[in-house]
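The structure appears below as structure tokens.
No value in this document is a laboratory result; all are computed from the given coordinates. It should be emphasised that the depicted structure is a prediction, and the values quoted were computed from it without experimental measurement. Virtual Cβ from ideal backbone geometry, glycine too; neighbours counted across all protein chains shown.
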Amino acid sequence: MKQRLTEGNVGRQLIGLTLPMVWGVFAIIAFNLVDTYFVGQLGTKELAAMSFTFPVVMTLGSLALGLGVGASSVIARAIGEGDHSRVQRFTTNSLTLGLVVVAIFVSLGLFTIDPLFTALGADAEVLPLIREYMRIWYFGMIFLVIPMIGNSAIRASGNTGTPSIIMTLASVVNIVLDPILILGLAGFPRLELQGAALATVIARAVTLVASLFFLHFKERMISLKVPSLQETLWCWKDILYVGLPAACTNAINPISIGVITSFLATFGATSVAAFGVASRIESFVLIALSALSASIGPFVGQNWGAKKYIRVRLSLRLSFIFCMIWGGLMTLILVPLAPWLSSLFNKNPEVVEIATRYLWIVPISYGTAGIILVASSAFNALGKPIPSIVMTVMRTFILYIPIAYFGGKIYGVNGIFAAATISNLAVGIGAYIWNQKSCSLKAVEKAEQAASAS
């Protein structure tokens, strides 16, 4: 195991880490868009059924992502310390932890499909369709959780290219299988929603095989030795210390989207549709910042473990500068192009007009939104998950939702959109200050003194 990220030009290494991740994030977005498109060909009921599954799928995806963040944090620092045995222990035990989590949630999920989705508002007409989809999806949950943890471990080694290739492979398999299994092409039976779930499971299964193969045979990060119970529990505790807060942080985002959507619904279906259009455009615009935040974690973790603190501070400074430049550039691009981009998704003039207003107001804060993402990833990489969840709670529940509520009452949809800008700007500035203090030389000296004293 090489400390790939502790030597060399910091800027070039960050670019080398981020560019493959840009494609990987794009592949994930394409995966979900293709699913939605082909299920939409079946009819409104089927699309509604799949929409009902999104909160559950996103919540469990957030849990898997959180476990991956926890694993990446401890593995990257162990690599930086040069302790290969510790790297293997953490990698292996992160995967076993994933298996335990899968077993628990599959058992709970299969027995709670009807009451859970009834509570979410599904009626008797849609519930059988949800049941068809989720029964297959739950059994395939192992193919979601284990590859996400495995890819996080690979990224912790400083390799973002391989996880991006694996994600792209999954997207390609899903794109090929969706029309075949959903619509019944090439002699296959028409499975409709079951076909969508089956295509997802098969695509994810490919990523499971690929990630485990690479971890074991290429990076030598998996140990086949059966660990003791004491060692397993010790590793799980370290992983969950970062992973559980990260999972909670990721789960907050879909909750906030649901609340904001309910606020917009009071202004009519066109406002909700416009928010959906603008959010879809926004997801593409923010790919670079999401990729950077995923890349900064391994870099910070390895260099912090290797005590290369100056490199950590330089990487964060360069990342924050990039976030502000990217945010400013996207604002300049979206101001003239927002009406045209919105019309690509929906031709309704009212929808286009409201979506355009969103894309004129919110992008002002994209730079600071990127700073929040990068700072959160850096804190998790340092083994400090609390600042990340504090920033998320502050942005969502203290600022965004209350300001959106009162802003909507006073200024209509513009007030709701402005709430996103205000919360991003305020928390982004706070995230920058907090991160700089945590990575200052004084903070480093205190941490080393505490470590030597213990």
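Strictly over 28 Å apart at the Cα level, which of 218/437; 237/307; 225/384; 308/384; 45/409 would you flag in this model? The partial results should precede the final answer.
Values: 218/437 38 Å; 237/307 23 Å; 225/384 30 Å; 308/384 18 Å; 45/409 33 Å.
Result: 218/437; 225/384; 45/409 exceed 28 Å.
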Provide the three semi-axes, in whole Å and in decreasing order, of the ellipsoid equivalent to region 6-249 as defined by the square roots of 5 times the Cα gyration tensor eigenvalues.
-> 34, 21, 15
Could you tell me whether the chain comes out rounded, prolate or oblate from its Cα gyration tensor? Rule is a ≥ b ≥ c as square roots of the eigenvalues, rounded for a/c under 1.5, then prolate if a/b exceeds b/c, otherwise oblate.
-> oblate
Dipole of the chain, positive end: most advanced residue of 394, 285, 436 [Cβ charges, Cα centre] | 436
Residue order, fewest to most surrounding Cβ atoms within 10 angstrom, among 72, 171 = 171, 72
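For every other residue with a beta carbon closer than 15 angstrom to the beta carbon of residue 129, add +1 if it is Lys or Arg and -1 if Asp or Glu, then tell me the sum. Walk me through the numbers before you get to the answer.
Values: positive: 45, 131, 135, 190; negative: 35, 46, 114, 123, 125, 132, 192.
Residues near residue 129 contribute -3 overall.
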With N residues in region 335-391, what two-decimal value do you get for its Cα radius of gyration over 2.2 N^0.38 Å?
-> 1.65
Low-density loop positions, GluC sites (Glu not before Pro), region 48-140 - DSSP coil, at most 16 other Cβ in 10 Å | 125
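With a ≥ b ≥ c taken as the square roots of the eigenvalues of the C-alpha gyration tensor of region 100-209, please select rounded if a/c is under 1.5 and otherwise prolate if a/b is larger than b/c or oblate if it is not? Numbers along the way, then the final one.
Numbers: a/c = 2.85, a/b = 1.33, b/c = 2.14.
Note, shape of region 100-209 comes out oblate.
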What ranking do 322-329, 142-149, 385-392 get when scored by the average of other Cβ atoms within 10 Å per residue, highest first?
-> 142-149, 385-392, 322-329
Which value, in Å to one decimal place, does the Kirkwood hydrodynamic radius take for region 1-62 when every pair of different Cα atoms is included?
-> 14.8
How large is the helix-only mean residue ellipticity at 222 nm for the chain, computed as the sum of -39500 (n - 2.57) over DSSP H runs with n ≥ 4, divided by its residue count, in deg cm²/dmol to the nearest 500?
-> -28500 deg cm²/dmol
Rg/Rh for region 266-448, where both radii come from Cα atoms and Rh is the Kirkwood radius = 1.05
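Packing-wise, with mean Cβ within 10 Å as the measure, how do 48-56, 30-38 rank, highest first?
Values: 48-56: 19.6, 30-38: 17.3.
Ranking, from highest mean packing down: 48-56, 30-38.
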Rank these for me by crowding, 340, 360, 236, going from fewest to most other beta carbons within 10 Å.
-> 340, 360, 236
Post the alpha-carbon centroid distance, region 160-203 to region 403-428, in whole angstrom.
-> 39
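Based only on other Cβ atoms within 10 Å, what is the fewest-to-most ordering of 160, 118, 421? Before the final figure, lay out each step's value.
Working: 160 24, 118 13, 421 19.
Ordered by Cβ neighbours within 10 Å, fewest first: 118, 421, 160.
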Once phi is turned into θ = phi - 60°, what whole-Hz ³J(HN,Hα) does the Karplus curve with 6.51, -1.76 and 1.60 give for every residue of region 41-57, x standing for Gly and Pro?
-> 5, 7, x, 5, 4, 5, 5, 5, 4, 5, 5, 5, 7, 4, x, 5, 4
Find the centroid of the Cα atoms in region 263-282 and in region 89-121, then give the distance between the two in whole Å.
-> 32
Cα centre as origin, Lys/Arg/Asp/Glu Cβ charges: region 266-448 dipole, Debye | 620
Over what distance in Å are the Cα centres of region 232-254 and region 22-40 separated?
-> 26
For region 173-181, 3J(HN,Hα) per residue [Karplus equation, 6.51 cos²θ - 1.76 cosθ + 1.60, θ = phi - 60°, Hz, x = Gly/Pro] | 4, 5, 4, 6, 7, 3, x, 5, 8
By its C-alpha gyration tensor, with a ≥ b ≥ c as the square roots of the eigenvalues, how is region 162-271 shaped: rounded for a/c under 1.5, else prolate for a/b larger than b/c, else oblate?
-> oblate
